[in-house]
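**Student:** After the structure tokens below, expect a handful of questions from me.
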Amino acid sequence: MATHDYRQPTLSRTDPARVLVTGGAGFIGANFVRLLLADTAWSVTVLDSLTYAGHRRSLSGLDPNRLTLVEGSVCDADLVDRIVADHDLVVHFAAESHNDTSLRDPAPFVQTNLVGTFTLLEAVRNHDRRFHHVSTDEVFGELSLADLTRFTETTPYNPSSPYSATKAGSDLLVRAWVRSFGVRATISNCSNNYGPYQHLEKFIPRQITRILDGVRPRLYGDGRQVRDWIHVDDHNRAVLAILTAGRLGETYLIGADGERDNRSVLELVLRLMGQPDDAYDHVADRPGHDLRYAIDATKLRTELGWEPQRRDFASGLATTIEWYRANEAWWRPLVAADRAHGRHG
Ligand code: NAD
């Protein structure tokens, strides 16, 4: 990213800041809102169009004096401009986020991930607001299984799917708005998240809820693809660290050294749920399935002193399994909705 002499952020957790969180009714966004209300003095507005992936109930029980939910799209320029004007900073989680869906129907990905990010950038430019863009390590494409290379902030972009291509494009828009217009922005690219409130279309909750329902889980191909797992709270604490102490115009990679192949994750889920390791079926691999992702988070650790707090994957997974066991009312409606839309399987 550009190295202009941008004003450094002076935001403190104890300031009474007004934060706009886009996509705050989705998986990571809802966990982020919960973190902000617990760990800062900030008041939060969530802007979320409540697609199949966004749920009011993910924000239930939170203080209504500090949290407002606005149902609307990040692509609605008038709405976005008005809301951004009323806030000190914007944290942008809203996205179409599922690779498989992007292969079937890329149009909403182009709309939300590219046009939505453009719309927000124009509003923060117009009102000179601090902006943080939440992105993924999938923009870098895949690594080989054979070597130990990991992604860094300088790895070239090489996205594989419509999802990762639109996220890559949105990152580049942010960089251009920083460079061309002096927008006060930061970017983070994080590895695969797990934790509570994650939609059942994603790997870990899909396996957990199938097992809870007595249905055999299924694994794409031979399951040797490696993902770098991080607990959602560690991701969100890193985003908060970037907001309060990150250098403007910079990109930070977020990862917790959690490389595991899909097969061993599924076998661990089965074990933790009292099932035999091999109680699953194989299904055909999806096209363009990236082999390996892995993050080198040295910059985040050394510059901002961030360290993951949930390093033990097995115990993070056990807590997540317990959450799904205890919160059937949250996920049960998704099974029916997804079956009706052909998304469950
Ligand atoms: P999610 O699909 O669970 O949530 C996305 C949210 O965005 C939903 O609440 C949805 O209703 C909302 N949304 C979609 N289109 C919108 C629009 N046009 N206007 C307003 N809101 C809209 O996704 P997630 O897993 O929570 O991911 C959040 C962000 O983090 C995404 O930008 C994603 O690319 C990034 N990310 C995710 C992971 C991961 O492992 N899940 C890893 C790295 C980065």
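**Student:** As an exercise, take the mean of 1/r over every pair of distinct alpha carbons in the range 101-194, invert it, and state the Kirkwood radius in angstroms. It would help to have the intermediate numbers written out before the result.
**Tutor:** Details: mean 1/r = 0.0706 Å⁻¹.
With all distinct Cα pairs of the range 101-194 included, I get 14.2 Å.
**Student:** Based on DSSP H runs of at least 4 residues, each adding -39500 (n - 2.57), what is the mean residue ellipticity at 222 nm of the chain after dividing by all its residues, to the nearest 500 deg cm²/dmol?
**Tutor:** Numbers: 11 runs with 128 residues, N = 345.
Mean residue ellipticity, 222 nm, calculated: -11500 deg cm²/dmol.
**Student:** So what is Rg over Rh here for the range 60-216, counting just Cα atoms and using Kirkwood for Rh? Show your work: numbers first, answer last.
**Tutor:** Values: Rg = 17.5 Å, Rh = 17.4 Å.
With Rg and the Kirkwood Rh in hand, the quotient comes to 1.01.
**Student:** Counting only protein heavy atoms, what percent of the accessible surface of the range 257-345 is carbon or sulfur at a 1.4 Å probe?
**Tutor:** Values: 2150 of 4500 Å².
That fraction is 48 percent.
**Student:** Sticking with the crude label model, points 7 Å out along Cα→Cβ, report the distance from D76 to L50 in nm, one decimal please.
**Tutor:** So the label points at D76 and L50 sit 1.2 nm apart.
**Student:** Considering only V226, A336, T45, whose Cα is most displaced toward the positive end of the charge dipole of the chain, charges sitting on Cβ of Lys, Arg (+1) and Asp, Glu (-1)?
**Tutor:** T45
**Student:** Check which residues have an amide H placed less than 5 Å from G24's amide H, if you skip close sequence neighbours.
**Tutor:** Counting only residues 5 or more places away or on other chains, the set is L47.
**Student:** Right, another one. How many Å³ per residue does the convex hull of the Cα positions in the chain occupy?
**Tutor:** 126
**Student:** Would you be so kind as to identify which of G288, A238, V215 lies farthest towards the positive end of the dipole of the range 171-310, taking Lys and Arg as +1 and Asp and Glu as -1 on Cβ and the Cα centre as origin?
**Tutor:** So the residue we want is A238.
**Student:** What is the projected area of the convex hull of the Cα atoms of the range 285-327, averaged over all directions, in nm²?
**Tutor:** Mean shadow area of the hull around the Cα atoms is 5.5 nm².
**Student:** Please get the size of the charge dipole for the range 141-215, origin at its Cα centre, with Cβ charges of +1 on Lys and Arg and -1 on Asp and Glu, quoted in debye to the nearest 20.
**Tutor:** Numbers: 8 positive and 6 negative charges, 50 e Å.
With only Lys, Arg, Asp and Glu charged at Cβ, the dipole is about 240 debye.
**Student:** Could you pull out the GluC sites (Glu not before Pro) across the range 93-150 that fall in loop regions by DSSP (anything but H, G, I, E, B) with no more than 11 other Cβ atoms inside 10 Å?
**Tutor:** On the way: sites: E96, E122, E138, E142; in loops: E96, E142.
Answer in residue order: no site qualifies.
**Student:** Provide, as a two-decimal number, the C-alpha radius of gyration of the range 142-282 over 2.2 N^0.38 Å, N being how many residues it has. Intermediate values should be presented prior to the final figure.
**Tutor:** Numbers: Rg = 17.8 Å, N = 141, 2.2 N^0.38 = 14.4 Å.
Dividing the Cα Rg of the range 142-282 by 2.2 N^0.38 Å gives 1.24.
**Student:** Which shape class applies to the range 235-336: rounded if a/c is under 1.5, otherwise prolate when a/b exceeds b/c and oblate if not, where a ≥ b ≥ c are the square roots of the Cα gyration tensor eigenvalues? Intermediate values should be presented prior to the final figure.
**Tutor:** Numbers: a/c = 2.10, a/b = 1.68, b/c = 1.25.
Cα axes put the range 235-336 in the prolate bin.
**Student:** May I pose another question? Considering only DSSP beta bridges where both residues belong to the chain, give the percentage that are antiparallel (nearest 5).
**Tutor:** Details: 4 of 39 bridges.
So the antiparallel bridges in the chain amount to around 10 percent.
**Student:** Next question, about the same structure. How many percent of the alpha carbon pairs in the range 23-67 exceed a separation of 17 Å?
**Tutor:** For the range 23-67, the fraction of Cα-Cα distances above 17 Å is 22 percent.
**Student:** Here's a follow-up. Could you work out how far helix 262-272 tilts from the main Cα principal axis of the chain, as a 0 to 90 degree angle to the nearest 10?
**Tutor:** So the helix axis and the longest Cα principal axis differ by about 70 degrees.
**Student:** Here's something else I'd like to know. Please report, in debye to the nearest 20, how large the charge dipole of the chain is about its Cα centre when each Lys and Arg carries +1 at its beta carbon and each Asp and Glu carries -1 there.
**Tutor:** On the way: 39 positive and 45 negative charges, 78 e Å.
Dipole about the Cα centre, nearest 20: 380 debye.
**Student:** For the range 125-139, just list the computed ³J(HN,Hα) in residue order, Karplus coefficients 6.51, -1.76 and 1.60, θ = phi - 60°, integers in Hz, with x standing in for Gly and Pro.
**Tutor:** So the Karplus estimates, Gly and Pro as x, are 5, 4, 10, 6, 10, 5, 10, 10, 9, 8, 9, 10, 6, 5, 4 Hz.
**Student:** From the phi of every residue in the range 141-151, what ³J(HN,Hα) in whole Hz does the Karplus formula 6.51 cos²θ - 1.76 cosθ + 1.60 yield, where θ is phi - 60° and glycine or proline is x?
**Tutor:** x, 9, 9, 7, 6, 7, 10, 9, 4, 10, 6
**Student:** Could you tell me the calculated FRET efficiency between D222 and N327, based on Cβ-Cβ distance and R0 = 30 angstrom, to the nearest 0.05? Write out the running numbers ahead of the final one.
**Tutor:** Working: r = 32 Å, r/R0 = 1.07.
It comes out at approximately 0.40.
**Student:** Quick check for you: which residues of the range 175-207 have the amide N under 19 Å from the point 7 Å beyond the Cα of D39 toward its beta carbon?
**Tutor:** 186-198, by backbone N distance to the label point.
**Student:** Additional query: Could you give the distance between the Cα centres of the range 27-60 and the range 219-293, to the whole Å?
**Tutor:** If we compute the Cα centre of each part, the gap is 22 Å.
**Student:** Fully extended, how many nm does the chain gain between R66 and Y157 (0.36 nm per residue separation, minus their Cα-Cα distance)? Display every interim value, and only then the final one.
**Tutor:** On the way: separation 91, 0.36 × 91 = 32.76 nm, distance 3.82 nm.
Length gained, R66 through Y157: 28.9 nm.
**Student:** Once phi is turned into ³J(HN,Hα) by the Karplus curve 6.51 cos²θ - 1.76 cosθ + 1.60 with θ = phi - 60°, what whole-Hz value does each residue of the range 64-80 show in order, with x for glycine and proline?
**Tutor:** Values, residue by residue: x, 6, 10, 9, 10, 10, 10, 8, x, 9, 5, 8, 8, 4, 5, 4, 4 Hz.
**Student:** Could you compute how fast the range 1-137 diffuses translationally, taking Rh as the Kirkwood radius over C-alpha pairs and applying Stokes-Einstein at 37 °C with viscosity 0.692 mPa s? Give it in µm² per second.
**Tutor:** Details: Rh = 15.4 Å.
For these conditions, the coefficient is 213 µm²/s.
The values are calculated or read from the model by the stated rules, or taken from the named source; none is laboratory data. In this text, all values refer to a predicted model and were calculated from it rather than measured experimentally. Cβ coordinates were reconstructed from backbone atoms using ideal geometry, including for glycine residues, and neighbour counts include every protein chain displayed. Only protein heavy atoms, including side chains, enter the accessible area calculation; ligands, DNA and RNA are left aside. Shrake-Rupley method; radii C 1.70, N 1.55, O 1.52, S 1.80 Å.
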